[in-house]
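K.L.:
This is the structure I want to talk about, given as structure tokens.
No value in this document is a laboratory result; all are computed from the given coordinates. Not measured: the values here are computed from a predicted model. Here Cβ is always computed from backbone atoms with ideal geometry, including for glycine, and neighbour counts include all displayed protein chains.
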Amino acid sequence: MASFKNKNDADVSNTSQGWFDGIIESTGELIGGIYDDAVDITKEAAGSWFEQQKKASQSANPEDNRTPIPAQTPNGQPLKQGFNSPWVIGGGVGLLLLIIIVLLLKE
């Protein structure tokens, strides 16, 4: 005689032990699903927090955020920087000529 017993794991038999096993199994699956969701949410939250901290630390770089303010005198006038004064350029050329003359006369 052929056996027609259902071999499906989800089949809950009419006995009280089968009913209890079904509840335990369902509860375990529910808890497992909640745990998996909690782990996924935690990973997403931690990842976004680390990204936010990374962006904040990069934007806190003083060289990137500092606006260049030119040097000023006590009364607020900007200082001339570099060799853009005619007196400085003339003095440098004069000093160079003096050094060349001294070296030529030394020989």
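K.L.:
List, in order, the whole-Hz ³J(HN,Hα) value for each residue of the stretch 51-58 obtained from phi through the Karplus relation with A = 6.51, B = -1.76, C = 1.60 and θ = phi - 60°; use x for Gly and Pro.
P.N.:
These are the phi-based 3J(HN,Hα) values: 5, 5, 5, 5, 5, 5, 6, 6 Hz.
K.L.:
Hey, another quick one. Nearest 0.05, what FRET efficiency do residue 34 and residue 54 give at R0 = 30 Å with Cβ-Cβ as r?
P.N.:
Values: r = 30 Å, r/R0 = 1.01.
It comes out at approximately 0.50.
K.L.:
How would you classify the stretch 15-61 from its alpha-carbon gyration tensor, with a ≥ b ≥ c the square roots of the eigenvalues: rounded for a/c under 1.5, else prolate if a/b is greater than b/c, otherwise oblate? Spell out each step's value before the answer.
P.N.:
Working: a/c = 12.51, a/b = 11.57, b/c = 1.08.
Here the stretch 15-61 falls in the prolate category.
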